[in-house]
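Trainee: Pasting a structure here, questions to come.
The values are calculated or read from the model by the stated rules, or taken from the named source; none is laboratory data. If you're wondering where the values come from, they're calculated on a predicted model, not measured in any experiment. We place every Cβ from the backbone using ideal geometry, glycine too, and count neighbours over all the protein chains shown.
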Ligand code: HAX
């Protein structure tokens, strides 16, 4: 049996042999035309990035290393990490070795707790997470080996070291953020024997610790949010920073600062807040007409309906479906989840009537908050931290791949208004 380093050594050689000659031979072929609207429109739809860990076809949604997300939703976060890194689901032996690598690395340097405890009491949990990761940058294997002058072809090994170290430590850090930020008492130490999701649930220390359904929700959450190809804000940001050979501590922290935005990872927090406001407004039991009125009011106020729409998808997000089915099975009568179900029936009909909206369907953030709430995590501002814990897996795997395939620094070209005026005059 090969450990993860040996396995990737072989895999990477194969990937390099496959991709490098292809690009060398066909490098001048055109893959996209870029319009002025795309230049000014966040590069939406411009094919200009490579990412093999996952892809998101607009009519299908998330596909992880060739597996549609709903085909692998019941694997564990450790398995999905292995899959994202290598392209293979681990054999039992590979799983055990890989899980052990993570278990051995799970203890967090003491100074991280000092940093977190020194932060203002009202810091956003995502700010705390970003700071905690940055504070550990001094541990970076990549930065230390780069300083010694290791060959470029080996950069991936030290990026992988960093990836394993960070992903292994994040459950304890994320759980500590929950306990510190929301006054939940003493921090709970990691259990050396537990795998990632179970240990995270254990360290959160909420009432549901013993509830197997809550653990299953967490596993589903950590698997479904783990990756979403290369162009989303957190993925792209993290990869751009990493392309400057800033190590994974710098680049993950940067990616998470993007995840913290309301149009990206904060949407699950905003979506639940919006649903609870709706319920409060109509004494807990809004009628269908009340819900329609509330959606219309949100739109006429110039706000977005959180949890609906997507920059890439043009169908219901299959991750939404996974959580929707989970809720329909486990807590169909939960008051908040029932509203989420009604909204799924109503909102797409309303949004479809607005021409500019490209996708009226729900994304994953339309439902996850209601389930976390049902199982007792009532602190909305914490939700994006759980998203980040999951996304650390995909962003780390992407960084290992990018260093393995020797990608250069990312540097697109910008243009000025003068350039645009000149371009328009000539065309
Ligand atoms: N409610 C109201 N208006 C919406 C909308 C929604 N849910 N979705 C899109 N629109 C509007 C846009 O704001 C945009 O309006 P302007 O031209 O006036 O700015 C217009 O419709 C066209 O948007 P689009 O092309 O359909 O979508 P974008 O690629 O511009 O934006 C977003 C995609 C996800 C940012 C958008 O749909 C949105 O703001 N949704 C609500 C927030 C949300 O759920 N975000 C989470 C997305 C998933 C994710 O990344 N999770 O981490």
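Trainee: Please work out which residue is surrounded by the most Cβ atoms within 10 Å (Cβ to Cβ), limiting yourself to segment 34-56 and to residues that are over 29 Å from residue 96 (Cβ atoms) and under 17 Å from the mean Cα position of the chain (by Cα). Before you say what the answer is, go through the steps one by one.
Mentor: Residues of segment 34-56 that are over 29 Å from residue 96 (Cβ atoms), as a first pass: 34-50, 55-56.
Going one step further and asking which of them are under 17 Å from the mean Cα position of the chain (by Cα), we end up with 55-56.
On the way: 55: 18, 56: 22.
It comes out as 56.
Trainee: Please state which of the following conditions residue 83 fails to meet, knowing it meets all the rest: (1) over 20 Å from the mean Cα position of the chain (by Cα); (2) within 25 Å of residue 13 (Cβ to Cβ); (3) without any contact (Cβ under 8 Å) to a residue 40 or more places away in the chain; (4) buried (at least 17 other Cβ atoms within 10 Å of the Cβ).
Mentor: So the condition that residue 83 fails would be (1).
Trainee: Restricting attention to segment 330-345, which residues are buried (at least 16 other Cβ atoms within 10 Å of the Cβ) and within 16 Å of the ligand (Cβ to nearest atom)?
Mentor: Within segment 330-345, 340, 343, 344 qualify.
Trainee: Here's something else I'd like to know. Kindly list, by first and then second residue, each pair from a residue in segment 293-308 that is free of Cβ contacts under 8 Å to residues at least 40 places away in the same chain to a residue that is surrounded by 21 or more Cβ atoms within 10 Å (Cβ to Cβ) and assigned to a loop (DSSP other than H, G, I, E, B), limited to pairs with Cβ atoms under 9 Å and residues at least 6 apart or on different chains.
Mentor: Partner pairs satisfying both residue conditions: 298/305; 298/306.
Trainee: Right, here's the next one. Would you tally the residues in segment 277-299 being touching a helix residue (DSSP H, G or I) at 6+ places or on another chain (Cβ under 9 Å) and within 16 Å of the ligand (Cβ to nearest atom)? Write out each step before concluding.
Mentor: Quick first cut of segment 277-299, residues touching a helix residue (DSSP H, G or I) at 6+ places or on another chain (Cβ under 9 Å) only: 277-279, 281-282, 284-286, 288, 290-292, 294-296, 298-299.
Next, only the ones that are within 16 Å of the ligand (Cβ to nearest atom) stay: 277-278, 291-292, 294-296, 298-299.
Of the residues in segment 277-299, 9 are touching a helix residue (DSSP H, G or I) at 6+ places or on another chain (Cβ under 9 Å) and within 16 Å of the ligand (Cβ to nearest atom).
Trainee: Consider segment 61-78. How many of its residues are in contact with a helix residue (DSSP H, G or I) (Cβ under 7 Å, 6 or more places away or on another chain), closer than 18 Å to residue 322 by Cα and assigned to a helix (DSSP H, G or I)?
Mentor: Residues that pass the stated criteria total 3.
Trainee: Determine if segment 102-116 includes at least one residue that is out of contact with any strand residue (DSSP E or B) (no Cβ under 8 Å at 6 or more places or on another chain), over 20 Å from residue 252 (Cα atoms), at pLDDT 95 or above and buried (at least 17 other Cβ atoms within 10 Å of the Cβ). Quick ask: steps written out before the conclusion?
Mentor: Filtering segment 102-116 for residues out of contact with any strand residue (DSSP E or B) (no Cβ under 8 Å at 6 or more places or on another chain) gives 102-116.
So of that shortlist, the ones also over 20 Å from residue 252 (Cα atoms) come out as 103-104, 110, 114.
Now narrow it down to the ones that are at pLDDT 95 or above: 103-104, 110, 114.
Within this subset, residues satisfying the condition of being buried (at least 17 other Cβ atoms within 10 Å of the Cβ) are 103.
The answer is yes, given that some residue of segment 102-116 is out of contact with any strand residue (DSSP E or B) (no Cβ under 8 Å at 6 or more places or on another chain), over 20 Å from residue 252 (Cα atoms), at pLDDT 95 or above and buried (at least 17 other Cβ atoms within 10 Å of the Cβ).
Trainee: Give segment 300-315 a look and list any residue that's over 14 Å from residue 271 (Cα atoms), within 13 Å of the ligand (Cβ to nearest atom) and over 18 Å from the mean Cα position of the chain (by Cα), or say none.
Mentor: 300, 301, 302, 314 - these are the residues of segment 300-315 that are over 14 Å from residue 271 (Cα atoms), within 13 Å of the ligand (Cβ to nearest atom) and over 18 Å from the mean Cα position of the chain (by Cα).
Trainee: Continuing with this model, one more query. From the list 366, 322, 311, pick out the single residue that is surrounded by 17 or more Cβ atoms within 10 Å (Cβ to Cβ), at negative phi and modelled with pLDDT under 95. Don't jump to the end; show me each part of the working.
Mentor: Working: 366 fails: modelled with pLDDT under 95; 322 fails: modelled with pLDDT under 95.
Selected residue: 311, the only one of 366, 322, 311 that is surrounded by 17 or more Cβ atoms within 10 Å (Cβ to Cβ), at negative phi and modelled with pLDDT under 95.
Trainee: Next question. Does residue 22 satisfy being surrounded by 12 or more Cβ atoms within 10 Å (Cβ to Cβ) and at pLDDT 95 or above?
Mentor: Details: surrounded by 12 or more Cβ atoms within 10 Å (Cβ to Cβ): no; at pLDDT 95 or above: yes.
Against the criterion (surrounded by 12 or more Cβ atoms within 10 Å (Cβ to Cβ) and at pLDDT 95 or above), residue 22 does not qualify.
Trainee: Consider residue 255 carefully, then state whether it is closer than 29 Å to residue 128 by Cβ, in contact with a helix residue (DSSP H, G or I) (Cβ under 6 Å, 6 or more places away or on another chain) and not in a helix (DSSP H, G or I).
Mentor: no
Trainee: Can you run down the residue pairs with Cβ atoms below 7 Å, 6 or more apart or on separate chains, where the first is in segment 344-373 and without any contact (Cβ under 8 Å) to a residue 60 or more places away in the chain and within 18 Å of residue 269 (Cβ to Cβ) and the partner is part of a strand (DSSP E or B) and more than 9 Å from the ligand (Cβ to nearest atom)?
Mentor: Final answer for the pair search is none.
Trainee: Do you know which residues across segment 11-60 are within 15 Å of the ligand (Cβ to nearest atom), touching a strand residue (DSSP E or B) at 6+ places or on another chain (Cβ under 8 Å) and assigned to a loop (DSSP other than H, G, I, E, B)?
Mentor: 56
Trainee: Let me ask something else. Looking at 191, 227, 199, can you tell me which residue is more than 21 Å from the chain's Cα centre (by Cα) and farther than 20 Å from residue 374 by Cα?
Mentor: Details: 227 fails: more than 21 Å from the chain's Cα centre (by Cα); 199 fails: more than 21 Å from the chain's Cα centre (by Cα).
191 is the lone residue from the list that is more than 21 Å from the chain's Cα centre (by Cα) and farther than 20 Å from residue 374 by Cα.
Trainee: Related question: Before we move on, is residue 272 touching a residue at least 40 places away in the same chain (Cβ under 8 Å), in contact with a helix residue (DSSP H, G or I) (Cβ under 6 Å, 6 or more places away or on another chain), closer than 19 Å to residue 375 by Cβ and crowded, with 24+ Cβ neighbours inside 10 Å?
Mentor: On the way: touching a residue at least 40 places away in the same chain (Cβ under 8 Å): yes; in contact with a helix residue (DSSP H, G or I) (Cβ under 6 Å, 6 or more places away or on another chain): yes; closer than 19 Å to residue 375 by Cβ: yes; crowded, with 24+ Cβ neighbours inside 10 Å: yes.
In short, yes.
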